[in-house]
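The values are calculated or read from the model by the stated rules, or taken from the named source; none is laboratory data. Computed from a prediction, not measured in an experiment: that's the story for all the values here. Don't worry about glycine lacking a Cβ; one is built from the backbone with ideal geometry, like all the others, and counts go over all protein chains shown.
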4 protein chains.
Amino acid sequence: MQILFIGDIVGRPGREAVAAFLPELQKEHKLDLVIANAENASGGRGLTKEVAYELYDYGIHFLTMGNHVWDQKEIIKFIDDETKLIRPANYPKGAPGKGYGFVIRNGIKTGIINLSGRIFLPPLENPFTMVNQIINMMAVETPVIIVDFHAEATSEKVALGWFLNGKVSAVLGTHTHIQTADARVLDQGTAYITDVGMTGPRDSVLGVKKEIIINNFLTQMPARFEVADGVNQLNAVVLQIDEKTGKTQRIIPIQK
Amino acid sequence: MQILFIGDIVGRPGREAVAAFLPELQKEHKLDLVIANAENASGGRGLTKEVAYELYDYGIHFLTMGNHVWDQKEIIKFIDDETKLIRPANYPKGAPGKGYGFVIRNGIKTGIINLSGRIFLPPLENPFTMVNQIINMMAVETPVIIVDFHAEATSEKVALGWFLNGKVSAVLGTHTHIQTADARVLDQGTAYITDVGMTGPRDSVLGVKKEIIINNFLTQMPARFEVADGVNQLNAVVLQIDEKTGKTQRIIPIQK
Amino acid sequence: MQILFIGDIVGRPGREAVAAFLPELQKEHKLDLVIANAENASGGRGLTKEVAYELYDYGIHFLTMGNHVWDQKEIIKFIDDETKLIRPANYPKGAPGKGYGFVIRNGIKTGIINLSGRIFLPPLENPFTMVNQIINMMAVETPVIIVDFHAEATSEKVALGWFLNGKVSAVLGTHTHIQTADARVLDQGTAYITDVGMTGPRDSVLGVKKEIIINNFLTQMPARFEVADGVNQLNAVVLQIDEKTGKTQRIIPIQK
Amino acid sequence: MQILFIGDIVGRPGREAVAAFLPELQKEHKLDLVIANAENASGGRGLTKEVAYELYDYGIHFLTMGNHVWDQKEIIKFIDDETKLIRPANYPKGAPGKGYGFVIRNGIKTGIINLSGRIFLPPLENPFTMVNQIINMMAVETPVIIVDFHAEATSEKVALGWFLNGKVSAVLGTHTHIQTADARVLDQGTAYITDVGMTGPRDSVLGVKKEIIINNFLTQMPARFEVADGVNQLNAVVLQIDEKTGKTQRIIPIQK
Ligand SMILES: [Fe+2]
Ligand SMILES: [Fe+2]
Ligand SMILES: [Fe+2]
Ligand SMILES: [Fe+2]
Ligand SMILES: [Fe+2]
Ligand SMILES: [Fe+2]
Ligand SMILES: [Fe+2]
Ligand SMILES: [Fe+2]
């Protein structure tokens, strides 16, 4: 099967990039399933219900989140009713929403897990111990499991990749908004990339107007972030997976 | 002119990768100048005098450092005598060593600046304000200026790239040990990459044995880091620069 | 001379505590000068012009700030016109406002410096090197100099106290909102306390409703901070200073 | 019953302070039980077996630890055999040692819990959820339960105090090495202090030679910490507890 995973979609430009590039990616890669990280999809921060449904309309089948999950407060109300939207699984028990889910496309069931790192990020539950428990539950349902590891430090991301090598189909990093050049299939059949990258305005600082961020570094004064404009990019990976075994045969980095 | 910049060399495996791959890179790219980040060259932490001279012997002309600069204490004694070795320029006044330097190769003078980021790193002086002053001094001597920005956060690195766009030949990120897939020449002729990547054992966590780091994330117990072994990689970029103007024409990411 | 320094005033309850307790402190300690940290005076975050003038009306002669200085955006407009209000001196050059100032009361000129720590706080300029320069300028005008060091880590605060021992009349810590029990005059005549404490609702978490903060630690979900109510406290110190020499003779911790 | 809790003992000077002051405290307060935080007892970092037994010899009945628990590596070998020594309970399952324990003195059983905060400290398990489970187990054995909360941020410490108000006899903060002036019995009978303070050399930076730490702040160069000398202090609290109910009647801060 062929899965497309799109990196952090930032604001309206990011959504426009999805609308513009997804049809040709569909055609070229004969995609069975499209997953995207949507933590910045609404104005660069969080996700409203309206934007979630806009993304479904473009042909995205499943959404993951990250540290910005609660930035649009309305998500607290609607996330429990959503079956195609997950947030990091290592929030403490009782948090709204779920940390993993299943989606069936073209007769194939895929399990998706969202996790947050803890280095330079809030102290959620241990992602290493927690992911093991989740995988054990999910493996009963399907061998195809995709992990979105939303984390800052490369050490934590690379370590989780090795830790899950052979246990899941892919460990895909998100959050830093810059695609890394280390996409490969590890020796036990797990695809790995440290960061899928960002989908949105290219000539920006992680999606935000560059002048604002530069000024912030110069002055240490607070800044009102605004999503940049200009040329749009889409960053993603295509995974070619043997759905019988869950092993990934190939990971192809995409930059549009 | 053609410059090769090699990303963080980690321990003996990293030095062996330099010895193994540099001759062919020399031949293929007709290099005028070879620069490398050496902050992890001695046992994964810091740089001894012996290892510095070993690296010079392999054909590296100039060395930069990073947050691990003082890990081998002997460097405090010898760094002031070295003319081909710099540490982050934004250490407070009075710190041993220099933060920038010049090297002449094939009749062309190149200025090199080393800077440290401050997000998730110690509070050195402001790299944005400081680099401007240094560039003003160096620009009198040569238009070819290379910046090694040793930093953790992608926001800080991307912002410095834009900030120096048109003022230097290249802003090359180091420190995260994972090469990014965003190498390009910005619109004012400044080459940019968020991270050049790491030179050393590939099947590791940033150069360290993966079992040690995974165990550290599982248990939060202290770990004694050991440089990994196995397949060796070299991560670098080649810069093709117009030495008359200092503008970069092309940046080529290298993975061996 | 007798100086009262009041710790971080939090919201309306904090202002009411000032109004309630300052008259009796005036009477008891025959105060020449009243200084207060006002970084939380408006709704727990920042300082509006209206609240600044309310505090002046209560008899406070000079206000200092901290990491919350820009939380009420209007301060960016009015701080440059204020002569009795300072923000941390180690903001980069060009930031609005000033980092030190003078006030004359009963014929005695007092210099006041506001500094921010950098451990667990944004990377402003180095407070240790910067304060030395400021003191050299101020010492020409008066031997009586008070430093409000707004910092998190006890190591940084204690170190600055020793560093300025004999150079200023007092180093008074703020920011942690809990008064420390280490007020004393160091051997060179500098009064020192790691934290003066907080002025506002006592049965709270640093001034905020305790239920909100506890829930935040349990769930890691975002919280909308609200200033607590109930019993009000005022935390402060009285400094008895020889205005001829600038040496402090006595520091008296106050808890009302 | 009367319990003495001694704040972080730093190195040989700290142990000498215990030896010097404990006999008179015994006499004055008729102590039933003496507990101490020993995370810095061996050379300022960690705890060796020899030093643990030296502390027992002075009359300390039970030892708690903190973030420095593993600094002396031999503790990993002997901590599992110790019944009077605990480390933060919120280390992940499988860590050496235990996070809580009981001690019987003069016929009264006391439960002691050690916890680490997570703000500005490593991401151990959530202390708020974990302590609730531990208290439920311990409450079957005795109503007298003492919590050593080893944490940096005042918000986290104050919040845990309120969270455990009425559930334990005392929440005593450690780690910042500066005694706070907020010791009191909360309205449900739980004694609380944000930090008990440090036992060791007074004219120092948290026990370390002040010149070393000041130089570190000025230069950002690494420093070799050395325990200071000079006047010794002991920081502690005495708890007067009704052993029938576990309610604390009085908390007396001690500074010698
Ligand atoms: Fe993002
Ligand atoms: Fe993120
Ligand atoms: Fe490195
Ligand atoms: Fe580094
Ligand atoms: Fe405050
Ligand atoms: Fe503050
Ligand atoms: Fe300690
Ligand atoms: Fe500690």
Residue within the stretch B:112-128 that is hydroxyl-bearing (Ser, Thr, Tyr) and more than 21 Å from C:Thr129 (Cβ to Cβ) present: no
Residues (under 15 Å from the mean Cα position of the chain (by Cα) and within 14 Å of chain A (Cβ to nearest Cβ)) located in the stretch B:162-171: B:Val171
Count of residues meeting criterion [within 16 Å of ligand 1 (Cβ to nearest atom) and farther than 15 Å from A:Tyr91 by Cα] in the stretch A:61-70: 1
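When you check A:Gly94 against the structure, is it in a loop (DSSP other than H, G, I, E, B), surrounded by 18 or more Cβ atoms within 10 Å (Cβ to Cβ) and either within 14 Å of ligand 1 (Cβ to nearest atom) or within 14 Å of another protein chain (Cβ to nearest Cβ) (or both), yes or no? Write out each step before concluding.
On the way: in a loop (DSSP other than H, G, I, E, B): yes; surrounded by 18 or more Cβ atoms within 10 Å (Cβ to Cβ): no; either within 14 Å of ligand 1 (Cβ to nearest atom) or within 14 Å of another protein chain (Cβ to nearest Cβ) (or both): yes.
So A:Gly94 does not fit the description; no.
Would the stretch B:235-255 turn up any residue that is under 20 Å from D:Pro122 (Cβ atoms), within 11 Å of chain A (Cβ to nearest Cβ) and either without any contact (Cβ under 8 Å) to a residue 24 or more places away in the chain or surrounded by fewer than 20 Cβ atoms within 10 Å (Cβ to Cβ) (or both)?
no
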Residue under evaluation A:Thr176, criteria (1) touching a residue at least 40 places away in the same chain (Cβ under 8 Å); (2) part of a loop (DSSP other than H, G, I, E, B); (3) within 19 Å of the chain's Cα centre (by Cα), criterion not met: (1)
Breaking point among (1) in contact with a helix residue (DSSP H, G or I) (Cβ under 7 Å, 6 or more places away or on another chain); (2) more than 13 Å from chain C (Cβ to nearest Cβ); (3) of a type in the set (S, T, N, Q), for D:Asn114: (1)
Index of the failed condition, C:Asp203 passing every other in (1) touching a strand residue (DSSP E or B) at 6+ places or on another chain (Cβ under 9 Å); (2) under 20 Å from C:Ile9 (Cβ atoms); (3) not β-branched (Val, Ile, Thr): (1)
Meets criteria (touching an Asp or Glu at 6+ places or on another chain (Cβ under 9 Å) and of a type in the set (D, E, K, R)) for D:Lys167: no
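Considering the stretch A:108-145 alone, what residues qualify as being among the β-branched types (Val, Ile, Thr), in contact (Cβ under 8 Å) with a residue 24 or more places away in the chain and not in a helix (DSSP H, G or I)? Full working, then the answer.
Keep residues of the stretch A:108-145 that are among the β-branched types (Val, Ile, Thr), which gives A:108, A:110, A:112-113, A:119, A:129, A:131, A:134-135, A:140, A:142, A:144-145.
Filter once more, so that each one left must be in contact (Cβ under 8 Å) with a residue 24 or more places away in the chain: A:108, A:110, A:112-113, A:119, A:131, A:134-135, A:142, A:144-145.
Listed by number, the residues that qualify are A:Ile108, A:Thr110, A:Ile112, A:Ile113, A:Ile119, A:Thr142, A:Val144, A:Ile145.
For C:Phe102, state whether it is under 28 Å from C:Lys244 (Cβ atoms) and either within 16 Å of ligand 6 (Cβ to nearest atom) or in a strand (DSSP E or B) (or both). So that I can check it myself, show each step before the final result.
Numbers: under 28 Å from C:Lys244 (Cβ atoms): yes; either within 16 Å of ligand 6 (Cβ to nearest atom) or in a strand (DSSP E or B) (or both): yes.
Taking the combined requirement at face value, the residue satisfies it.
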Among (1) touching a Pro at 6+ places or on another chain (Cβ under 9 Å); (2) within 16 Å of ligand 2 (Cβ to nearest atom) - the single one A:Lys73 does not satisfy: (2)
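Just for the stretch D:43-92: of the residues that are basic (Lys, Arg) and closer than 22 Å to D:Glu152 by Cβ, which one is nearest to ligand 6 (Cβ to nearest atom)?
Applying the first criterion (basic (Lys, Arg)) to the stretch D:43-92 yields D:45, D:49, D:73, D:77, D:84, D:87.
Narrowing the set further to residues that are closer than 22 Å to D:Glu152 by Cβ leaves D:45, D:87.
Details: D:Arg45: 30, D:Arg87: 31 Å.
Looking at the filtered set, the residue picked out is D:Arg45.
Please enumerate the residues belonging to the stretch D:1-23 that are of a type outside the set (A, V, I, L, M) and touching a residue at least 40 places away in the same chain (Cβ under 8 Å).
Here is the first cut: in the stretch D:1-23, the residues of a type outside the set (A, V, I, L, M) are D:2, D:5, D:7-8, D:11-16, D:21, D:23.
Hits for the stretch D:1-23 are D:Gln2, D:Phe5, D:Gly7, D:Asp8, D:Gly11, D:Arg12, D:Pro13, D:Gly14, D:Arg15, D:Glu16, D:Phe21.
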Residues (touching a helix residue (DSSP H, G or I) at 6+ places or on another chain (Cβ under 9 Å) and at the interface with chain B (Cβ under 10 Å from one of its Cβ atoms)) located in the stretch A:208-234: A:Val208, A:Lys210, A:Glu211, A:Ile213, A:Ile214, A:Asn216, A:Phe217, A:Leu218, A:Gln233
Failed criterion for D:Ile104 (all others in (1) at pLDDT 95 or above; (2) surrounded by fewer than 16 Cβ atoms within 10 Å (Cβ to Cβ); (3) within 13 Å of another protein chain (Cβ to nearest Cβ) hold): (3)
Residues of the stretch D:24-55 that turn out to be aliphatic (A, V, I, L, M) and touching a residue at least 60 places away in the same chain (Cβ under 8 Å), as a count: 5
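On the given criteria, is C:Pro13 of a type outside the set (S, T, N, Q) and touching a strand residue (DSSP E or B) at 6+ places or on another chain (Cβ under 7 Å)? Show your work before the answer.
Values: of a type outside the set (S, T, N, Q): yes; touching a strand residue (DSSP E or B) at 6+ places or on another chain (Cβ under 7 Å): yes.
Yes; evaluated as a whole, the condition is true for this residue.
Restricting to the stretch A:135-158, what's the tally of residues that are within 14 Å of another protein chain (Cβ to nearest Cβ), away from ligand 2 (no atom under 16 Å from the Cβ) and farther than 24 Å from A:Gln249 by Cβ?
Start the filter on the stretch A:135-158 by keeping residues that are within 14 Å of another protein chain (Cβ to nearest Cβ), which leaves A:149-158.
Those still in the list that are away from ligand 2 (no atom under 16 Å from the Cβ) too: A:155, A:158.
Pick out the ones that are also farther than 24 Å from A:Gln249 by Cβ and you get A:155.
Residues that pass the stated criteria total 1.
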Residues (surrounded by 24 or more Cβ atoms within 10 Å (Cβ to Cβ), part of a loop (DSSP other than H, G, I, E, B) and away from ligand 4 (no atom under 16 Å from the Cβ)) located in the stretch B:182-212: B:Asp182, B:Thr190
Selection status of A:Lys84, within 23 Å of A:Phe225 (Cα to Cα), surrounded by fewer than 22 Cβ atoms within 10 Å (Cβ to Cβ) and either within 14 Å of chain C (Cβ to nearest Cβ) or away from ligand 1 (no atom under 16 Å from the Cβ) (or both): no
Given (1) surrounded by fewer than 23 Cβ atoms within 10 Å (Cβ to Cβ); (2) touching a residue at least 24 places away in the same chain (Cβ under 8 Å); (3) over 15 Å from D:Arg12 (Cα atoms), number of the condition D:Thr64 does not satisfy: (1)
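Within the stretch D:213-222, which residues are crowded, with 17+ Cβ neighbours inside 10 Å and of a type in the set (A, V, I, L, M, F, W, C)? Quick ask: steps written out before the conclusion?
From the stretch D:213-222, those crowded, with 17+ Cβ neighbours inside 10 Å are D:213-214, D:216-220; that's our starting set.
Of everything in the stretch D:213-222, those that are crowded, with 17+ Cβ neighbours inside 10 Å and of a type in the set (A, V, I, L, M, F, W, C) turn out to be D:Ile213, D:Ile214, D:Phe217, D:Leu218.
Can you find even one residue in the stretch D:147-154 that is at pLDDT 95 or above and part of a helix (DSSP H, G or I)?
Looking for residues that are at pLDDT 95 or above and part of a helix (DSSP H, G or I), one finds at least one in the stretch D:147-154, hence yes.
Just one of A:Met65, A:Met1 is at pLDDT 95 or above and either within 16 Å of ligand 4 (Cβ to nearest atom) or more than 16 Å from A:Ala236 (Cα to Cα) (or both); which is it? Give the steps one after another, and end with the answer.
On the way: A:Met65 fails: either within 16 Å of ligand 4 (Cβ to nearest atom) or more than 16 Å from A:Ala236 (Cα to Cα) (or both).
When all the criteria are applied, what remains is A:Met1.
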